[in-house]
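Notes follow once the structure below has been shown.
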Amino acid sequence: MCSLHNAHEERKMRIGSQARSFGKGIYSSEDEFLSVVREAGEIGIKGLEANWKNVERYFESPDPFRHSLHEAGLEYIGAHYGSRLCDPVTRDDTLVDVERIAPFVSAVGGSYVVCSGHAPQDGAVTGDTWAAMAERLNEFGGICARSDVSVTYHNHWWEPENDGLGRLAELTDPSTVGFAFDTGHCARAGGDGARA
């Protein structure tokens, strides 16, 4: 009976949230962001994902943020990082960003750098789009692995509209790149999230 109880406890679902759910993607001040951290804990959220710009101030000294999480009773899921992954012009800057984000996520007990990609500026989505994005995600995955965190791709509506998730899954390394599938965006694209 005790072992069954323990096994059941390990499968227990815990609710996490992105800080964006509390009003903004990027909060204008540290006080405003930390009020969201406290509120998330007060309403029973167990894990928090936040845009990397909200936590960038803590990259060199993560202890104050770790303390704020502890006081709120929260675990850090990870940092959200959005960029134009298919644009070769942004490559070097994005790699530098992820090299800064991943060690911070690890230092505060997080597990993921959650990436999302912007659609090409000209709106033209081709096979080259997915190949370029996959190459960048694979690079991110290698960087994250050095800090013992994972990169996971969070889709919006334009990827399911263009069969991009399947292509990205084919072209990325499953040992370093995962997916945080957004069923709402899939539905917005006309898909069935439960069947995708």
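The values are calculated or read from the model by the stated rules, or taken from the named source; none is laboratory data. These numbers were taken from a predicted model, which means no experiment stands behind them. Cβ placement follows ideal geometry from the backbone for every residue including glycine, while neighbour counts extend to all protein chains displayed. What goes into the accessible areas is simple: the full protein's heavy atoms, side chains included, and nothing from ligands, DNA or RNA. Shrake-Rupley method; radii C 1.70, N 1.55, O 1.52, S 1.80 Å.
Things worth noting here:
- Residues within the stretch 116-168 that are of a type in the set (D, E, K, R), touching a Phe, Trp or Tyr at 6+ places or on another chain (Cβ under 9 Å) and closer than 14 Å to GLY178 by Cα, tallied: 1
- Residues located in the stretch 115-126, provided they are of a type in the set (Gly, Ala, Ser) and either modelled with pLDDT of 85 or more or surrounded by 11 or more Cβ atoms within 10 Å (Cβ to Cβ) (or both): SER116, GLY117, ALA119
- Test: residue in the stretch 62-69 that is in a helix (DSSP H, G or I) and open to solvent by less than 20 Å² (accessible area, probe 1.4 Å): yes
- The stretch 131-154 - residue that is surrounded by 23 or more Cβ atoms within 10 Å (Cβ to Cβ), in a helix (DSSP H, G or I) and not aliphatic (A, V, I, L, M) and, of those, farthest from the chain's Cα centre (by Cα): ARG136
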